[in-house]
Amino acid sequence: MKIQTLALALALAATPATLLLGADTQPAQPAPAMKSSVEKSSYGKLPDGTEIGQYTLVNSNGLSCKVITFGAIITELRAPDSTGKMGDIVLGFDNLDGYVKGHPYFGAAIGRVANRIAKGQFKLNGKSFSVATNNGPNHLHGGIKGFDKVVWKAEVYTNQLGPCVKFTYLSPDGEEGYPGNLTVIILYTLTEKNELRIDYMAKSDKDTPINLTNHSYFNLNPKDKENQADILGHIVQLNAKRYTPVDDTLIPTGELKKVSGSPMDFTKPMPIGSRIGKLTNTPRGYDHNYVLKSEVSQSPEFAARVYEPESGRGMEIYTTEPGLQFYTGNFLDGTLTGKGGVVYKKHFGFCMETDHFPDSINHPKFPTIVLKAGETYTQTTIHKFLVRVE
Ligand code: GLA
(Lines give C-alpha, C1' and ligand atoms only; values in the text may rest on other atoms or scores of the structure.)
Protein backbone atom coordinates (compact mmCIF):
# COMPACT_ATOMS: atom_id res chain seq x y z
CA MET A 1 0.00 0.00 0.00
CA LYS A 2 1.36 3.37 -0.99
CA ILE A 3 0.92 5.01 2.41
CA GLN A 4 2.90 2.25 4.02
CA THR A 5 5.61 2.56 1.42
CA LEU A 6 5.92 6.23 2.25
CA ALA A 7 5.86 5.50 5.96
CA LEU A 8 8.71 3.10 5.34
CA ALA A 9 10.66 5.68 3.41
CA LEU A 10 10.01 8.17 6.18
CA ALA A 11 11.19 5.64 8.71
CA LEU A 12 14.63 5.64 7.18
CA ALA A 13 15.96 8.52 9.20
CA ALA A 14 19.03 8.88 7.03
CA THR A 15 17.15 8.59 3.75
CA PRO A 16 18.24 11.39 1.48
CA ALA A 17 15.42 13.54 0.17
CA THR A 18 16.14 12.44 -3.38
CA LEU A 19 15.52 8.79 -2.52
CA LEU A 20 12.33 9.67 -0.70
CA LEU A 21 11.23 11.61 -3.75
CA GLY A 22 12.26 8.91 -6.18
CA ALA A 23 10.60 6.12 -4.25
CA ASP A 24 7.28 7.44 -3.10
CA THR A 25 6.66 11.09 -3.53
CA GLN A 26 7.31 13.71 -6.06
CA PRO A 27 7.55 17.46 -5.88
CA ALA A 28 4.02 18.79 -5.53
CA GLN A 29 3.09 19.35 -9.15
CA PRO A 30 -0.48 19.78 -10.31
CA ALA A 31 -1.17 19.96 -14.03
CA PRO A 32 -1.32 21.97 -16.19
CA ALA A 33 1.89 23.97 -15.93
CA MET A 34 1.35 27.74 -15.96
CA LYS A 35 3.38 30.90 -16.03
CA SER A 36 4.85 32.03 -12.72
CA SER A 37 3.92 35.50 -11.48
CA VAL A 38 4.06 38.05 -8.68
CA GLU A 39 1.11 40.37 -8.28
CA LYS A 40 0.62 43.28 -5.95
CA SER A 41 -2.79 44.22 -4.56
CA SER A 42 -4.17 46.26 -1.70
CA TYR A 43 -4.79 44.49 1.61
CA GLY A 44 -6.55 47.41 3.24
CA LYS A 45 -5.50 50.11 5.67
CA LEU A 46 -4.28 50.15 9.24
CA PRO A 47 -6.37 52.21 11.70
CA ASP A 48 -3.85 55.09 11.20
CA GLY A 49 -4.47 55.05 7.44
CA THR A 50 -1.26 53.26 6.38
CA GLU A 51 -1.83 51.23 3.22
CA ILE A 52 -0.99 47.54 3.50
CA GLY A 53 0.02 45.73 0.33
CA GLN A 54 -0.35 42.08 -0.51
CA TYR A 55 1.96 40.16 -2.86
CA THR A 56 0.79 36.96 -4.48
CA LEU A 57 3.51 34.63 -5.70
CA VAL A 58 2.53 31.82 -8.06
CA ASN A 59 5.03 29.35 -9.46
CA SER A 60 4.62 27.54 -12.78
CA ASN A 61 3.22 24.46 -11.03
CA GLY A 62 0.39 26.53 -9.56
CA LEU A 63 1.61 26.63 -5.96
CA SER A 64 0.92 30.04 -4.47
CA CYS A 65 1.89 32.13 -1.48
CA LYS A 66 0.51 35.45 -0.26
CA VAL A 67 2.47 37.82 1.94
CA ILE A 68 1.52 41.22 3.29
CA THR A 69 3.56 44.27 4.27
CA PHE A 70 2.11 44.23 7.82
CA GLY A 71 4.48 42.03 9.81
CA ALA A 72 5.79 40.49 6.56
CA ILE A 73 3.08 37.93 7.32
CA ILE A 74 2.48 34.87 5.16
CA THR A 75 -1.31 34.92 4.93
CA GLU A 76 -1.84 32.06 2.53
CA LEU A 77 0.16 29.13 1.16
CA ARG A 78 -1.54 26.81 -1.28
CA ALA A 79 -0.09 23.43 -2.13
CA PRO A 80 -1.71 20.36 -3.71
CA ASP A 81 -2.76 17.15 -2.01
CA SER A 82 -2.04 13.76 -3.57
CA THR A 83 -4.98 14.17 -5.98
CA GLY A 84 -3.73 17.57 -7.15
CA LYS A 85 -6.35 19.53 -5.19
CA MET A 86 -4.97 22.79 -3.84
CA GLY A 87 -5.39 23.67 -0.19
CA ASP A 88 -4.29 26.55 2.02
CA ILE A 89 -1.98 24.95 4.59
CA VAL A 90 -1.28 27.90 6.92
CA LEU A 91 -3.41 29.42 9.68
CA GLY A 92 -4.42 33.06 9.51
CA PHE A 93 -7.30 35.44 8.92
CA ASP A 94 -9.51 36.43 5.99
CA ASN A 95 -8.54 40.09 6.25
CA LEU A 96 -6.22 42.66 7.82
CA ASP A 97 -8.53 43.25 10.77
CA GLY A 98 -7.79 39.82 12.22
CA TYR A 99 -4.06 40.45 12.13
CA VAL A 100 -4.34 43.94 13.61
CA LYS A 101 -6.56 42.86 16.51
CA GLY A 102 -3.85 40.62 17.87
CA HIS A 103 -2.96 36.97 17.38
CA PRO A 104 -0.24 34.48 18.33
CA TYR A 105 2.14 35.43 15.49
CA PHE A 106 0.32 33.61 12.65
CA GLY A 107 2.68 33.56 9.64
CA ALA A 108 4.67 36.53 10.91
CA ALA A 109 8.30 37.57 10.63
CA ILE A 110 9.79 37.48 14.11
CA GLY A 111 12.53 39.79 15.40
CA ARG A 112 14.68 41.33 16.52
CA VAL A 113 15.08 38.32 18.78
CA ALA A 114 12.74 35.38 18.28
CA ASN A 115 11.78 33.26 21.29
CA ARG A 116 12.47 34.29 24.89
CA ILE A 117 14.97 36.45 26.77
CA ALA A 118 14.87 35.67 30.50
CA LYS A 119 13.35 38.54 32.50
CA GLY A 120 13.91 40.84 29.51
CA GLN A 121 17.51 41.41 30.61
CA PHE A 122 20.84 40.92 28.93
CA LYS A 123 24.39 42.24 28.91
CA LEU A 124 26.34 43.09 25.79
CA ASN A 125 29.90 44.46 25.78
CA GLY A 126 29.56 45.07 29.53
CA LYS A 127 26.42 47.19 29.16
CA SER A 128 23.01 46.12 30.56
CA PHE A 129 19.92 46.19 28.39
CA SER A 130 16.24 45.88 29.35
CA VAL A 131 13.63 44.81 26.86
CA ALA A 132 9.88 44.42 27.37
CA THR A 133 8.58 41.52 29.47
CA ASN A 134 5.60 40.66 27.30
CA ASN A 135 5.36 36.96 28.19
CA GLY A 136 5.03 36.44 31.94
CA PRO A 137 8.38 37.42 33.41
CA ASN A 138 10.14 37.14 30.03
CA HIS A 139 10.63 38.88 26.72
CA LEU A 140 9.07 37.08 23.73
CA HIS A 141 9.46 37.43 19.96
CA GLY A 142 10.96 40.92 19.81
CA GLY A 143 8.73 42.65 22.35
CA ILE A 144 5.55 44.67 22.31
CA LYS A 145 5.88 45.88 18.75
CA GLY A 146 8.16 43.35 17.15
CA PHE A 147 8.79 42.77 13.45
CA ASP A 148 5.42 40.97 13.33
CA LYS A 149 3.62 44.29 13.85
CA VAL A 150 5.67 46.78 11.84
CA VAL A 151 5.02 47.82 8.25
CA TRP A 152 7.66 46.55 5.84
CA LYS A 153 8.65 48.05 2.50
CA ALA A 154 8.12 45.54 -0.26
CA GLU A 155 9.11 45.19 -3.88
CA VAL A 156 9.00 42.51 -6.53
CA TYR A 157 12.46 41.02 -6.77
CA THR A 158 14.08 39.21 -9.68
CA ASN A 159 15.26 35.84 -8.51
CA GLN A 160 16.10 33.06 -10.92
CA LEU A 161 14.80 30.48 -8.43
CA GLY A 162 11.20 31.64 -8.89
CA PRO A 163 8.73 34.43 -8.12
CA CYS A 164 10.06 36.54 -5.25
CA VAL A 165 9.22 39.51 -3.08
CA LYS A 166 11.76 41.48 -1.07
CA PHE A 167 10.78 43.01 2.28
CA THR A 168 12.93 45.67 3.94
CA TYR A 169 12.65 47.21 7.40
CA LEU A 170 14.84 49.74 9.15
CA SER A 171 14.70 49.23 12.88
CA PRO A 172 15.98 52.39 14.59
CA ASP A 173 18.57 52.38 17.37
CA GLY A 174 16.78 51.68 20.66
CA GLU A 175 13.64 50.22 19.14
CA GLU A 176 12.10 47.85 21.70
CA GLY A 177 15.23 48.46 23.78
CA TYR A 178 17.68 46.89 21.32
CA PRO A 179 20.91 48.70 20.34
CA GLY A 180 21.89 49.80 16.83
CA ASN A 181 20.20 50.93 13.65
CA LEU A 182 19.38 47.61 12.07
CA THR A 183 18.50 47.08 8.40
CA VAL A 184 16.66 43.84 7.77
CA ILE A 185 15.87 42.23 4.43
CA ILE A 186 13.65 39.19 3.94
CA LEU A 187 13.23 37.49 0.58
CA TYR A 188 10.25 35.21 0.12
CA THR A 189 10.70 33.03 -2.96
CA LEU A 190 8.33 30.37 -4.24
CA THR A 191 10.81 28.31 -6.20
CA GLU A 192 10.10 26.27 -9.29
CA LYS A 193 11.11 23.25 -7.18
CA ASN A 194 7.98 23.82 -5.07
CA GLU A 195 9.76 25.31 -2.12
CA LEU A 196 8.98 28.35 -0.06
CA ARG A 197 12.45 29.74 0.48
CA ILE A 198 12.98 32.47 3.08
CA ASP A 199 16.30 34.32 3.04
CA TYR A 200 17.07 36.82 5.80
CA MET A 201 19.85 39.40 5.88
CA ALA A 202 20.61 42.10 8.43
CA LYS A 203 23.24 44.70 9.26
CA SER A 204 23.64 46.96 12.27
CA ASP A 205 25.80 49.97 13.13
CA LYS A 206 26.23 48.71 16.73
CA ASP A 207 26.74 45.22 18.13
CA THR A 208 23.28 43.79 18.74
CA PRO A 209 21.51 40.48 19.34
CA ILE A 210 19.52 39.14 16.42
CA ASN A 211 17.51 35.96 15.88
CA LEU A 212 15.04 36.05 13.01
CA THR A 213 12.46 33.45 12.06
CA ASN A 214 9.01 32.96 10.60
CA HIS A 215 6.10 31.88 12.78
CA SER A 216 3.80 30.11 10.29
CA TYR A 217 1.34 27.61 11.75
CA PHE A 218 0.83 24.68 9.38
CA ASN A 219 -2.00 22.21 8.99
CA LEU A 220 -1.27 20.03 5.97
CA ASN A 221 -4.87 18.78 5.84
CA PRO A 222 -6.99 21.94 5.64
CA LYS A 223 -10.76 21.50 5.67
CA ASP A 224 -13.85 23.67 6.02
CA LYS A 225 -14.97 25.03 9.38
CA GLU A 226 -17.18 22.05 10.21
CA ASN A 227 -14.52 19.47 9.49
CA GLN A 228 -11.19 21.04 10.42
CA ALA A 229 -9.23 18.75 12.74
CA ASP A 230 -6.05 18.99 14.78
CA ILE A 231 -2.54 18.16 13.63
CA LEU A 232 -1.94 15.25 16.04
CA GLY A 233 -2.04 12.70 13.19
CA HIS A 234 0.71 14.45 11.21
CA ILE A 235 3.88 12.35 11.16
CA VAL A 236 6.98 14.27 12.12
CA GLN A 237 10.66 13.53 11.89
CA LEU A 238 13.23 15.93 13.35
CA ASN A 239 16.94 15.81 12.63
CA ALA A 240 17.83 16.42 16.26
CA LYS A 241 19.28 14.15 18.91
CA ARG A 242 19.07 16.77 21.64
CA TYR A 243 16.82 19.56 22.84
CA THR A 244 17.08 22.39 25.35
CA PRO A 245 15.00 21.58 28.48
CA VAL A 246 13.27 24.61 29.99
CA ASP A 247 11.98 25.87 33.33
CA ASP A 248 8.30 26.66 34.02
CA THR A 249 8.60 29.96 32.14
CA LEU A 250 10.11 28.25 29.07
CA ILE A 251 13.67 29.50 29.67
CA PRO A 252 16.39 26.90 28.93
CA THR A 253 18.22 25.43 31.90
CA GLY A 254 21.37 25.34 29.75
CA GLU A 255 21.42 21.58 29.37
CA LEU A 256 21.45 19.99 25.90
CA LYS A 257 19.50 16.87 26.75
CA LYS A 258 19.31 13.69 24.69
CA VAL A 259 15.86 13.02 23.23
CA SER A 260 16.32 9.23 23.17
CA GLY A 261 13.94 7.23 25.32
CA SER A 262 11.57 10.16 25.84
CA PRO A 263 8.44 11.61 24.16
CA MET A 264 10.80 14.27 22.77
CA ASP A 265 12.35 11.77 20.35
CA PHE A 266 11.38 12.42 16.72
CA THR A 267 14.60 11.07 15.19
CA LYS A 268 12.33 8.43 13.63
CA PRO A 269 8.99 9.53 12.12
CA MET A 270 6.24 9.56 14.74
CA PRO A 271 2.70 10.93 14.80
CA ILE A 272 2.72 14.20 16.75
CA GLY A 273 0.02 12.84 19.04
CA SER A 274 1.63 9.48 19.73
CA ARG A 275 3.32 10.50 22.97
CA ILE A 276 2.08 14.06 23.52
CA GLY A 277 -0.02 12.87 26.49
CA LYS A 278 3.16 11.93 28.32
CA LEU A 279 4.45 15.50 28.38
CA THR A 280 4.03 17.27 31.70
CA ASN A 281 4.13 20.94 30.69
CA THR A 282 1.12 23.29 30.83
CA PRO A 283 -0.66 23.76 28.50
CA ARG A 284 0.50 20.31 27.50
CA GLY A 285 2.20 19.93 24.12
CA TYR A 286 5.46 20.41 22.29
CA ASP A 287 6.93 23.88 22.70
CA HIS A 288 10.59 22.98 22.71
CA ASN A 289 13.77 23.99 20.96
CA TYR A 290 15.44 21.08 19.20
CA VAL A 291 19.20 21.18 18.64
CA LEU A 292 19.82 20.59 14.94
CA LYS A 293 23.53 21.36 15.04
CA SER A 294 26.13 23.13 17.13
CA GLU A 295 26.55 26.14 14.83
CA VAL A 296 25.01 27.78 11.79
CA SER A 297 25.76 26.03 8.50
CA GLN A 298 26.84 27.73 5.30
CA SER A 299 23.95 26.25 3.31
CA PRO A 300 20.54 24.94 4.39
CA GLU A 301 20.63 21.40 5.80
CA PHE A 302 17.84 18.89 6.43
CA ALA A 303 15.98 19.72 9.65
CA ALA A 304 12.50 18.22 9.56
CA ARG A 305 10.03 16.19 7.57
CA VAL A 306 6.26 16.19 8.07
CA TYR A 307 3.73 13.96 6.38
CA GLU A 308 -0.04 14.03 6.63
CA PRO A 309 -1.45 10.61 5.64
CA GLU A 310 -5.03 11.56 4.68
CA SER A 311 -4.17 14.35 2.23
CA GLY A 312 -0.86 12.85 1.14
CA ARG A 313 0.86 16.21 1.66
CA GLY A 314 4.42 16.33 2.86
CA MET A 315 6.79 19.11 3.84
CA GLU A 316 10.53 19.07 4.41
CA ILE A 317 12.47 21.84 6.10
CA TYR A 318 16.08 22.73 5.41
CA THR A 319 17.86 25.47 7.31
CA THR A 320 21.15 27.13 8.09
CA GLU A 321 19.99 27.62 11.71
CA PRO A 322 21.14 25.50 14.68
CA GLY A 323 17.71 25.29 16.36
CA LEU A 324 14.08 24.52 15.63
CA GLN A 325 11.28 25.45 18.02
CA PHE A 326 8.66 22.75 17.56
CA TYR A 327 5.39 24.20 18.81
CA THR A 328 2.07 22.37 18.58
CA GLY A 329 -0.32 25.29 19.04
CA ASN A 330 -0.79 24.53 22.75
CA PHE A 331 -2.01 28.04 23.49
CA LEU A 332 -4.71 27.96 20.78
CA ASP A 333 -7.89 27.71 22.80
CA GLY A 334 -10.79 28.29 20.45
CA THR A 335 -11.02 32.04 21.09
CA LEU A 336 -9.75 32.95 17.61
CA THR A 337 -11.73 32.38 14.43
CA GLY A 338 -9.60 32.33 11.33
CA LYS A 339 -9.89 31.89 7.61
CA GLY A 340 -13.17 30.46 6.36
CA GLY A 341 -14.66 30.66 9.86
CA VAL A 342 -12.41 27.89 11.21
CA VAL A 343 -12.18 28.11 15.00
CA TYR A 344 -8.57 27.57 16.02
CA LYS A 345 -8.62 25.08 18.84
CA LYS A 346 -5.71 23.49 20.70
CA HIS A 347 -3.29 21.70 18.32
CA PHE A 348 -5.03 22.97 15.16
CA GLY A 349 -1.64 24.03 13.78
CA PHE A 350 2.05 23.38 14.37
CA CYS A 351 5.07 25.66 14.00
CA MET A 352 8.65 24.81 13.19
CA GLU A 353 10.50 28.02 13.94
CA THR A 354 14.05 27.64 12.65
CA ASP A 355 16.35 29.93 14.62
CA HIS A 356 18.86 30.05 17.46
CA PHE A 357 18.12 28.64 20.91
CA PRO A 358 15.85 30.52 23.35
CA ASP A 359 17.59 33.00 25.66
CA SER A 360 20.87 32.52 23.76
CA ILE A 361 22.02 36.00 24.74
CA ASN A 362 22.21 34.82 28.37
CA HIS A 363 23.81 31.44 27.57
CA PRO A 364 27.44 31.89 26.46
CA LYS A 365 27.64 28.18 25.61
CA PHE A 366 24.81 28.38 23.05
CA PRO A 367 25.64 29.46 19.47
CA THR A 368 25.90 33.25 19.59
CA ILE A 369 23.17 35.60 18.40
CA VAL A 370 25.37 38.69 18.57
CA LEU A 371 25.70 40.50 15.26
CA LYS A 372 28.82 42.65 15.26
CA ALA A 373 28.56 46.20 13.93
CA GLY A 374 29.13 46.27 10.18
CA GLU A 375 28.94 42.49 9.75
CA THR A 376 26.15 40.73 7.88
CA TYR A 377 23.66 38.34 9.45
CA THR A 378 22.12 35.75 7.14
CA GLN A 379 19.72 32.87 7.58
CA THR A 380 17.98 30.70 5.02
CA THR A 381 15.11 28.31 5.59
CA ILE A 382 13.45 26.23 2.88
CA HIS A 383 10.04 24.56 3.13
CA LYS A 384 9.80 21.96 0.40
CA PHE A 385 6.33 20.70 -0.49
CA LEU A 386 5.78 17.11 -1.55
CA VAL A 387 2.88 14.82 -2.32
CA ARG A 388 2.44 11.09 -2.09
CA VAL A 389 2.36 9.46 -5.52
CA GLU A 390 -0.89 7.54 -5.96
C1 GLA B 1 6.30 30.52 20.34
C2 GLA B 1 6.50 30.15 21.75
C3 GLA B 1 5.23 29.63 22.32
C4 GLA B 1 4.12 30.61 22.12
C5 GLA B 1 3.99 30.93 20.66
C6 GLA B 1 2.94 31.97 20.44
O7 GLA B 1 6.26 29.44 19.54
O8 GLA B 1 7.53 29.22 21.94
O9 GLA B 1 5.40 29.39 23.69
O10 GLA B 1 4.37 31.77 22.85
O11 GLA B 1 5.21 31.39 20.17
O12 GLA B 1 1.74 31.66 21.06
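The values are calculated or read from the model by the stated rules, or taken from the named source; none is laboratory data. This is a predicted model, so every value here is computed, not measured. Cβ placement follows ideal geometry from the backbone for every residue including glycine, while neighbour counts extend to all protein chains displayed. These accessible areas exclude ligands, DNA and RNA; they are computed on the full protein's heavy atoms, side chains included. Shrake-Rupley method; radii C 1.70, N 1.55, O 1.52, S 1.80 Å.
Considering only residues that are within 14 Å of the ligand (Cβ to nearest atom) and among the β-branched types (V, I, T), look in the range 74-120 and name the one that is surrounded by the fewest Cβ atoms within 10 Å (Cβ to Cβ). For the range 74-120, the residue satisfying everything is I110.
Pairs are defined by a Cβ separation below 6 Å, a sequence spacing of at least 6 or placement on different chains, a first member in the range 67-85 that is over 24 Å from K145 (Cβ atoms), and a second member that is at pLDDT below 95 and open to solvent by 10 Å² or more (accessible area, probe 1.4 Å); the pairs so defined are P80/P30; S82/R388; S82/E390; G84/P30. Flag: P179 matches the condition of being away from the ligand (no atom under 16 Å from the Cβ), surrounded by fewer than 23 Cβ atoms within 10 Å (Cβ to Cβ) and under 16 Å from N211 (Cα atoms).
Where strands (runs of 3 or more DSSP E) fall wholly inside the range 311-387, the ranges with 3 or more residues that are touching a residue at least 24 places away in the same chain (Cβ under 8 Å) and either surrounded by fewer than 22 Cβ atoms within 10 Å (Cβ to Cβ) or more than 16 Å from the ligand (Cβ to nearest atom) (or both) are 313-319. Within the range 113-130, residues that are modelled with pLDDT of 95 or more and among the basic types (K, R) reach partners that are part of a loop (DSSP other than H, G, I, E, B) and within 16 Å of the ligand (Cβ to nearest atom) with beta carbons closer than 8 Å, at six or more positions or on different chains, in the pairs R116/T249; R116/L250; R116/I251; R116/P358; R116/D359; K119/T133; K119/P137.
Going by what's in this entry, would F122 be described as hydrophobic (A, V, I, L, M, F, W, C) and in a strand (DSSP E or B)? Considered against the rule, which asks whether it is hydrophobic (A, V, I, L, M, F, W, C) and in a strand (DSSP E or B), F122 comes out as yes.
I'd like to check which strands (runs of 3 or more DSSP E) are fully inside the range 161-264 and have at least 2 residues that are free of Cβ contacts under 8 Å to residues at least 60 places away in the same chain.
Values: elements: 164-171, 182-190, 195-204, 235-238, 242-244.
Counting at least 2 such residues, we get 164-171, 182-190, 242-244.
In this structure, F129 does satisfy being within 23 Å of T253 (Cβ to Cβ), more than 16 Å from the ligand (Cβ to nearest atom) and open to solvent by 20 Å² or more (accessible area, probe 1.4 Å).
Residues in the range 291-310 that are among the hydrophobic types (A, V, I, L, M, F, W, C), in contact with a Ser or Thr (Cβ under 8 Å, 6 or more places away or on another chain) and not in a loop (DSSP other than H, G, I, E, B): how many? Spell out how you get there, then give the answer.
So in the range 291-310, the residues among the hydrophobic types (A, V, I, L, M, F, W, C) come out as 291-292, 296, 302-304, 306.
Those left that are additionally in contact with a Ser or Thr (Cβ under 8 Å, 6 or more places away or on another chain): 291-292, 296, 303.
Pick out the ones that are also not in a loop (DSSP other than H, G, I, E, B) and you get 291, 303.
Residues flagged as among the hydrophobic types (A, V, I, L, M, F, W, C), in contact with a Ser or Thr (Cβ under 8 Å, 6 or more places away or on another chain) and not in a loop (DSSP other than H, G, I, E, B) within the range 291-310 amount to 2.
Quick one: would you say A9 is modelled with pLDDT under 55 and either assigned to a loop (DSSP other than H, G, I, E, B) or loosely packed, with under 13 Cβ neighbours inside 10 Å (or both)?
Considered against the rule, which asks whether it is modelled with pLDDT under 55 and either assigned to a loop (DSSP other than H, G, I, E, B) or loosely packed, with under 13 Cβ neighbours inside 10 Å (or both), A9 comes out as no.
One residue stands out among those in the range 268-284 that are touching a strand residue (DSSP E or B) at 6+ places or on another chain (Cβ under 8 Å) and open to solvent by less than 40 Å² (accessible area, probe 1.4 Å): the one that is farthest from the ligand (Cβ to nearest atom), which is P269.
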